[in-house]
Amino acid sequence: MADKRDYYGVLGVNKGASDDEIKKAYRKVAKQYHPDLHPGDKEAEAKFKEANEAYEILSDSTKRSQYDQFGHAAFDQSAGGGYGGGFSGFEDFDISDIFGSFFGGGFGGGRRSSRQNNGPRRGSDISERVILTFEEAAFGVKKQLKIYRVEDCDECGGAGTKDKDGKKTCPTCGGSGQVKNVQRSPFGQFVNVTTCRTCNGSGHVISNPCPKCKGKGKVKKARNVDVNIPAGIDTGETVSFKGLGDFGHMGGPKGDLLVTVVIKKHEIFERMGTDVYVTVPITFVEAALGAKVEIPTIDGKMEYEIPEGTQSETAFKIRGKGIPNVRNGVRGDQIVKVVVEVPQKLSSAQKDALKAFGDLTNEKNHKQRKSFFEKVKGNLGL
């Protein structure tokens, strides 16, 4: 685990950061290193995956608490942890026996860990990614995803054995899944509780294992699942679908399906929060005289009144034509920036008309330029 960076450092937040701060930090890092923005960049891809891993832990209160207490070792499968397996190296210690060995008893005895390997456990979560169009993200969409999840073996019904008599209580631990070793020391009696090696903590042994799952009771299967992506979702955000993850152990609940969204770049629209930005070209005549022009929106085309004398790069706000807020459905605005196009390849008649127009406005323009240069000279002390 030495090569893993601190999850808080990965997202650039302090250890005491709130859930909102962690979410905002994750979205920022995910956007910065998203593979779609860095095609073929292995370093960016690695940092994107690292950010996803950090957010998966820190956004879950239970996992975050475990990480704060034990660090990366809390999720090291080789150390007996992992997302679904608990921490046998820590939980197997009988605290009452430790106190009893130092203080001569008085705390009771035989208290078992509340999370034994042979008890019900929640299934693991499954993480997937879905790519949406700009419009799908704006208005929501139903998507079918192909996932691979751990399910009960349909051959043995999750029992792990071919027949009902093939599964028996472990003779070593008596079905507890744990073995206690008592050691004496000058301070008294020390009890060390470890996972039973005979049954690997399951509490039972199988003499006639199921050939399909090889006695595990679980198999990995491909499934097509339909998920509803809510309107207003943004790149880097994750939607949780309860109960679509791996099956639980010993009757425990299923895990969840976590779907992270990536939005394709649109040809003309750009998104900032719930606002939509678009640039629209207009003619010199339309800018000078004002006109009704056709404006593209995510709802379709609409007419918009451009006022007389509009300058190039002017921005107009159309309220309620933006992206719906993913939480309350309130839509943002559309910001329309108009750009005046300079005509090219003019005919002789058009050039003559423009020259005539220039002559009509030349005196006024001359006065404006003179006034401008006088201001410049005054500011420069000339």
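On the given criteria, is Pro343 touching a residue at least 24 places away in the same chain (Cβ under 8 Å) and more than 32 Å from the chain's Cα centre (by Cα)?
yes
Can you give me the number of residues within region 11-27 that are open to solvent by 80 Å² or more (accessible area, probe 1.4 Å) and in contact (Cβ under 8 Å) with a residue 12 or more places away in the chain?
Total meeting the criteria: 2.
Quick one: is Ser101 in a helix (DSSP H, G or I), modelled with pLDDT under 85 and closer than 30 Å to Gly174 by Cβ?
yes
Identify all residues within region 141-171 that are closer than 30 Å to Lys49 by Cα, in contact with a strand residue (DSSP E or B) (Cβ under 6 Å, 6 or more places away or on another chain) and open to solvent by less than 90 Å² (accessible area, probe 1.4 Å); write none if there are none.
Val141, Lys143, Leu145, Ile147, Arg149, Val150, Glu151
Return the only residue of Ile268, Ile282, Ile323, Ile295 being touching a residue at least 60 places away in the same chain (Cβ under 8 Å) and either buried (at least 16 other Cβ atoms within 10 Å of the Cβ) or under 30 Å from Lys24 (Cα atoms) (or both).
Only one candidate qualifies: Ile323.
Report whether or not Val239 is over 16 Å from the mean Cα position of the chain (by Cα) and either at negative phi or assigned to a strand (DSSP E or B) (or both).
Taking the combined requirement at face value, the residue does not satisfy it.
Give region 33-48 a look and list any residue that's assigned to a helix (DSSP H, G or I) and farther than 16 Å from Val261 by Cβ, or say none.
Lys42, Glu43, Ala44, Glu45, Ala46, Lys47
The values are calculated or read from the model by the stated rules, or taken from the named source; none is laboratory data. All values derive from a computational prediction rather than experimental measurement. Glycine gets a Cβ as well: all are built from the backbone with ideal geometry, and neighbour counts include every protein chain shown. Heavy atoms of the whole protein, side chains included, go into the accessibility calculation; ligands, DNA and RNA do not. Shrake-Rupley method; radii C 1.70, N 1.55, O 1.52, S 1.80 Å.
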